[in-house]
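Structure, as structure tokens:
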């Protein structure tokens, strides 16, 4: 199910990840996706978000998640990340979470991640080294897309 994803992280579902209805709470999937996303960025050679990003780095513009099967404790999810497209200043990353107990896809989603200058408060072009690292990790060059008409201060 995840053979086309270059980064897969196994995450053990904790009892506290469930909500009152007895399944993993919807917001927790975004944390699972974040874990795979950070692993992906680290495999690109980037530092994880933190003090090194005080001047420039990446920022999340949007995230989405589609819930496909309820996951309950105990379980382990294989959470995957890949880049589906890149733009001059953004990366679109896809995520998938497969339940090992159910043997099927439990959730999928995406994130739009923007290269950002935190000092100036605006987008910046993605470094060529980042694009090269993505191509190397993916084993292919992701499609290029552009988002014309966005204000300069809109991540």
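The values are calculated or read from the model by the stated rules, or taken from the named source; none is laboratory data. This structure is a prediction, so every number in the text was calculated from the model and none was measured. Backbone-built Cβ (ideal geometry, glycine too); neighbour counts: all protein chains shown.
Observations on the model:
- Every residue from the stretch 44-64 that is modelled with pLDDT of 90 or more, in contact with a helix residue (DSSP H, G or I) (Cβ under 7 Å, 6 or more places away or on another chain) and exposed (fewer than 15 other Cβ atoms within 10 Å of the Cβ): 45
- Subset of the stretch 1-34 [within 15 Å of the chain's Cα centre (by Cα), farther than 19 Å from residue 134 by Cβ and in contact (Cβ under 8 Å) with a residue 40 or more places away in the chain]: 10, 11, 29, 30, 32
- Qualifying residues in the stretch 65-109 (those that are under 26 Å from residue 136 (Cα atoms) and exposed (fewer than 15 other Cβ atoms within 10 Å of the Cβ)) - the one nearest to the chain's Cα centre (by Cα): 84
- Among the residues of the stretch 110-124, just one is without any contact (Cβ under 8 Å) to a residue 60 or more places away in the chain, surrounded by fewer than 13 Cβ atoms within 10 Å (Cβ to Cβ) and at negative phi, namely 120.
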